[in-house]
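Here's the structure we're looking at; comments come further down.
The values are calculated or read from the model by the stated rules, or taken from the named source; none is laboratory data. Computed from a predicted structure; not experimentally measured. Note that each Cβ is placed from the backbone with ideal geometry, even for glycine, and that neighbours are counted across all protein chains shown. Each accessible area value is taken on the protein alone, full model and side chains, heavy atoms only, with ligands, DNA and RNA left out. Shrake-Rupley method; radii C 1.70, N 1.55, O 1.52, S 1.80 Å.
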Amino acid sequence: MSSQTVAIAGIGATRPTRRSPKSLRALVVEAIEAALADAGLEPSDIDGVVSDGLVMPTTVPRDWVAAQFGFQRRYDGGMSFGGAASATAPLHAQLAISHGLAHTLVYYFGVDWGTRASGPYGFHDLYAGKMTFEKPHGFTGQPQYFALWARRYMHEFGLTEADLGQIAVTQRQSALLHPDSQATRPMSLGDYFASRVVSDPLRVADCCLITDGACAIVMTSLERARDMAQPPIRVLGTGFGSEPISGDDVFTQAGGMMRIPGARIATERALQQAGVTLSDVDFAELYDCFTISCLLQIEDVGFCKRGEGAAFIRETGIGIDGRLPINTHGGLLSHSYLLGVEHVVEAVRQLRGNLGARQVANAEIGLVGGLSNPDYGVMILGRDHR
Amino acid sequence: MSTTVASEANPEFDGFFTHAAAGHVAFPHCRACGRFHWYPMPRCPHCRSIDLAWRRVSGPATVLSFTRVLHPFDPSRAGALPYVVGLVTFADAPGVRLVTNIVGAGLDALRIGDTVTPVFRAETDGHTAVDFKRA
């Protein structure tokens, strides 16, 4: 039903930086201002406000945001956290619009983990099991969690460090085509191997950046979006998936370890709603908090079989000119680390077109995958053809 | 009995440290369904029974994966780099994976699948940590 089809009508992003002189709240306001301006809207046009359900409520709450702009909220929502929340933001718009609760919603997300003393490592202090059984053994940082996965994956499937390096090198090439990327120097495979080992087998170059910044997205019905300032980008499908395991356990106790079962669940749901298959997807923005996690999502979303991720990358090509460009802005590894909300912004930009050397040729359909282990969100976007 | 800050709010965590202080490795085991679980929960996650008891394992474990840490993610460990974090499994506690430090000689030759045995370490806060060394 076209009356319920949701479109992204506006995007806004602050320029990502390691340390911003502005507060996180100021960055979020800046991103929302930019998204409204992009859509050609005034605050009075917004009647729904959406964020993630964990990080924003404790840092930049929705009521505070509404007060800054005078948003009269008829819908207010937040689900999951971080990457999965950003990739499932249209679920709120679908719900609110189809039930007549709201007609135009703004979603926002940002972090100041470049400035905040505890950075991303402090985030996991909320998990009592981790604090009690892991922290006393110096197991406290996300690179360590994924290092355990990477070594085990190498053992089971013969993955090499060079395979991981290829992901980092390719995404760096894409990042250099984006004017706002935090990473500004080229990286060769030799540079990758010269990068400092932090938790073996992972190096600095296997890890995402650390960023202060925020992004915002305006969502409305396709009909309304067609009267706004930008060509609408259609939300073809959205999906959420997870597994019943807590953040305490997910990196060490999950039955399949090295698997993200929610990714398949979310993808199937989104594809079903969109009425397309993965072979229809022209590019993907996947949650590359680490090289190894990007590789695992290529498998778990379903682009290839388990254990075949490295061969898929070699044979298909994930650069701008590859057969499946992945993380066309450089991703979390080389563009910025705003937990994947910037992936949504990049997918919209690719579908609007005219990105010059960074433009994926003939981009019609893009997939965004957001990981907040164990949660996973998938958004499939497409150009609007009336 | 020693407690940690976290275990004050999670009394189901304490048994691990009580057993460790006595020189044993033990995990929560459900008397109703006969299965282990980890981390400790108020109810068995498999069958939701509250008839839980700590069951000792014989000791030796197998290395499922490990990482050599060279960056001070925890600033208090900056002077102790590098150290090895291991994830180990137990033949007599199926489904349990324990995060630990692997210590002692021969770490350069450490491999997935190696057998390791427990070493009990008294922490300054009074509780006992369980590390492992190559067998």
Is it true that A:GLY370 is in contact with a His (Cβ under 9 Å, 6 or more places away or on another chain), among the small types (Gly, Ala, Ser), open to solvent by less than 10 Å² (accessible area, probe 1.4 Å) and closer than 28 Å to A:LEU189 by Cβ? no
Residues that are more than 30 Å from A:TYR153 (Cβ to Cβ) and touching a helix residue (DSSP H, G or I) at 6+ places or on another chain (Cβ under 9 Å): does the stretch A:195-207 have at least one? no
Run down A:GLU315, A:GLU285 and say which single residue is open to solvent by 10 Å² or more (accessible area, probe 1.4 Å) and modelled with pLDDT of 95 or more. A:GLU315
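Conditions (1) among the charged types (D, E, K, R); (2) touching a helix residue (DSSP H, G or I) at 6+ places or on another chain (Cβ under 7 Å); (3) in a strand (DSSP E or B), marked per residue:
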| position | (1), (2), (3) |
| --- | --- |
| A:ILE313 | no, yes, no |
| A:ILE320 | no, yes, no |
| A:LEU324 | no, yes, no |
| A:ALA347 | no, no, no |
| A:GLN350 | no, no, no |
| A:GLY369 | no, yes, yes |
| A:GLY377 | no, yes, yes |
| A:LEU381 | no, yes, yes |
Out of all the residues in the stretch B:123-135, which are within 12 Å of chain A (Cβ to nearest Cβ) and assigned to a strand (DSSP E or B)? B:THR128, B:ALA129, B:VAL130, B:ASP131, B:PHE132
Take the residues of the stretch A:135-168 that are in a helix (DSSP H, G or I), open to solvent by 10 Å² or more (accessible area, probe 1.4 Å) and more than 14 Å from every other protein chain (Cβ to nearest Cβ): which is nearest to A:VAL345 (Cα to Cα)? A:GLN166
Restricting to the stretch A:104-114, name every residue that is of a type in the set (Phe, Trp, Tyr) and open to solvent by 20 Å² or more (accessible area, probe 1.4 Å). A:TRP113
Report, by residue number, each residue of the stretch A:33-42 that is closer than 11 Å to A:ILE11 by Cβ, in contact (Cβ under 8 Å) with a residue 40 or more places away in the chain and not acidic (Asp, Glu). A:ALA34, A:ALA35, A:LEU36, A:ALA39
Which strands (runs of 3 or more DSSP E) sit wholly inside the stretch B:34-102 and have at least 1 residues that are open to solvent by 50 Å² or more (accessible area, probe 1.4 Å), in contact with a helix residue (DSSP H, G or I) (Cβ under 9 Å, 6 or more places away or on another chain) and within 11 Å of chain A (Cβ to nearest Cβ)? B:61-69
Strands (runs of 3 or more DSSP E) wholly inside the stretch A:172-278 that include at least 1 residues being touching a residue at least 24 places away in the same chain (Cβ under 8 Å) and of a type in the set (Asp, Glu): A:212-221
Within the stretch B:105-121, how many residues turn out to be open to solvent by 60 Å² or more (accessible area, probe 1.4 Å) and outside any strand (DSSP E or B)? 3
